[in-house]
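Take a look at the structure below.
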Amino acid sequence: MTAEYPVVRLRPKADARAIRHGFPWVYADELVMDRRTQGIVPGTIAILEDDAHRPMGVVTINPKSKIIARMLDRDEGAVINRDWIAARLTRALALRERLFDAPFYRLVHAEADGLPGVIIDRFGDAAVIQPNAAWSEAMIADLAGALADVTGVKAIVKNGTGRARGLEGLAEETGLLTGALDAPVEVPMNGAIYLADLLGGQKTGLFYDQRPNHAFAARLAKGARVLDIFSHVGGFGLAALAAGAESALAVDGSAAALGLAAGGAKAMGVADRFATRKGDAFATMEALAAEGAGFDLVICDPPAFAPAKPALEAGLRAYERVARLAAPLVAPGGYLVLCSCSHAADLTQFRNASARGIGRGGRRGQLLHTGFAGPDHPQLPQLAETAYLKALFFRLDG
C-alpha cells in the first residue's frame, strides 16, 4: 500500500547532505515556498525531495513553524498511519522494558524515538501524551489508539500545554482521551513514592528526566539535613529521605505541588521527617539565611530561566543568583546541587554562572559530578547540543 502525499522540495542552497546523514529538521528558509507549499495545512504528510527532485523521505509540514518540515521516515514509500505509529511505539517500549523493572518512565522522547515533537510519559496503567507538533495533534486519535494497543494502558491524557505548541501555532488544551483518573498516581522511583497529578500538574505530572540525578543526590543524603528548593512534588527531597536523610525541607511556590510532595512522604512513611515551606524560592533562601539555617545537602532545581536565546543573559544571571543564595545555606563540607533545564544555556555557560554564584556567596568547592537526563530521554547525535538538563554536584569547603 502506498499513499499519495504532496511533494515539497529543498532549495539548492539547503544542506541536503546533513538531512541525508540524519539531521531531522528542515527550516523555513531551506524549503521552496511556492503558493502551493504556503497553502499546505499544518500537520500534512508530504514527500521531501532535494533540489534535483530525488526523494529523501516522508516528512510532516507546518508552514507556520520555523521548523517547517520534520522527518518521519526515510523510506519515501512509508505510509504514516496507526500501524506505523504502533511500530515506533513497540521499538520505544522494548528499550524502556530493558532499562526499567516497572512501567514508570518516559516512553517516547520525540525525534530520538522516531516520533517528532511527541512526548509520552508512562505511569503504570496510565500515560500522558504531549502532541507538540502539528502532525501529532492531527493524528492524536491514532497516537492514543496505538499507545493503548502496544502498552495496554487504560487511561490516556492529552497534555496540550507548553511553549513548544505555541511555536507550532497550536492551542493549549488538556483533557482525558480514554479511561478514568480520579486521583493522583503513585509512582515508585529510587526507593521513594511520588504522587503525580496527570491532569492538573506541571508538564506530564512528574519529571522522569531527573531520576539519575535524584539517585546521585541520594548517595550524599544519609543522615543529612536536606533542603530541596524548587521541589515541585518533592523529587530530590523524597529520594533523599528514602536513602536515610535525617530530614528534608521542600520549598516551592505551588501549594498544590507541595501537597503532592507531602502525600508522597506520607505514602513512604516518612512524614515525620518531611516539611514544606510555600514561597518564592529566592525570598525563602534569603529568609533561611537570616534565620541562620544550615543544611548538609541543598538542591536547587528551578524552571527554565533561559528557554530560548533571547532569555539567555537574564537566565544566566538568575542561575548565578540561585547559586549565590544557596551556597551560604550549605554547612561546612556539605553538598550543593544546581540544576538547569534551559535549552539556551549550554553546560559551560551554566557551570560558569554557578561557579560565579558560589564564589559571590563566599564559598569555594569541588565539582564532584555532572549529571544529565536518564536513558529514557535519548537524543539524536545530530541534536546532542540541544541537551537541556544539566545537574552540577559540588562539595563546598568550610
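The values are calculated or read from the model by the stated rules, or taken from the named source; none is laboratory data. Predicted model only: the values in this text are computed from it and were never measured. Glycine also receives a Cβ, built like all others from the backbone with ideal geometry; neighbour counts cover every protein chain displayed. With ligands, DNA and RNA removed, areas are computed over all heavy atoms of the protein, side chains included. Shrake-Rupley method; radii C 1.70, N 1.55, O 1.52, S 1.80 Å.
Quick one: would you say GLN210 is of a type in the set (S, T, N, Q), buried (at least 17 other Cβ atoms within 10 Å of the Cβ) and in a loop (DSSP other than H, G, I, E, B)? The answer is no for GLN210. Condition first: of a type in the set (A, V, I, L, M, F, W, C), more than 20 Å from LYS390 (Cβ to Cβ) and either open to solvent by less than 40 Å² (accessible area, probe 1.4 Å) or over 24 Å from the mean Cα position of the chain (by Cα) (or both). Can you find one or more residues in segment 216-224 that meet it? Yes - at least one qualifying residue is present in segment 216-224.
Do we have any residue at all in segment 191-204 that's closer than 24 Å to MET285 by Cα, open to solvent by less than 20 Å² (accessible area, probe 1.4 Å) and part of a loop (DSSP other than H, G, I, E, B)?
Checked segment 191-204: no residue is closer than 24 Å to MET285 by Cα, open to solvent by less than 20 Å² (accessible area, probe 1.4 Å) and part of a loop (DSSP other than H, G, I, E, B).
When you check ALA14 against the structure, is it open to solvent by less than 50 Å² (accessible area, probe 1.4 Å), part of a loop (DSSP other than H, G, I, E, B) and touching a residue at least 12 places away in the same chain (Cβ under 8 Å), yes or no? It is true that ALA14 is open to solvent by less than 50 Å² (accessible area, probe 1.4 Å), part of a loop (DSSP other than H, G, I, E, B) and touching a residue at least 12 places away in the same chain (Cβ under 8 Å). Here is the figure for segment 52-68: residues that are open to solvent by 50 Å² or more (accessible area, probe 1.4 Å), within 19 Å of PRO24 (Cβ to Cβ) and without any contact (Cβ under 8 Å) to a residue 40 or more places away in the chain total 2.
Scan segment 286-296 and give yes if some residue there is in contact with a Lys or Arg (Cβ under 6 Å, 6 or more places away or on another chain) and closer than 19 Å to SER340 by Cα, otherwise no. Scanning segment 286-296 turns up no residue that is in contact with a Lys or Arg (Cβ under 6 Å, 6 or more places away or on another chain) and closer than 19 Å to SER340 by Cα.
Residues of segment 153-170 that are open to solvent by 30 Å² or more (accessible area, probe 1.4 Å) and within 19 Å of ASP182 (Cα to Cα): LYS154 alone.
Condition check: modelled with pLDDT of 95 or more, in contact with a Leu (Cβ under 7 Å, 6 or more places away or on another chain) and acidic (Asp, Glu). Does GLU286 satisfy that? It is true that GLU286 is modelled with pLDDT of 95 or more, in contact with a Leu (Cβ under 7 Å, 6 or more places away or on another chain) and acidic (Asp, Glu). Within the option set GLU49, GLU4, GLU97, GLU30, being of a type in the set (D, E, K, R), open to solvent by 20 Å² or more (accessible area, probe 1.4 Å) and touching a residue at least 40 places away in the same chain (Cβ under 8 Å) holds for one residue only, GLU49.
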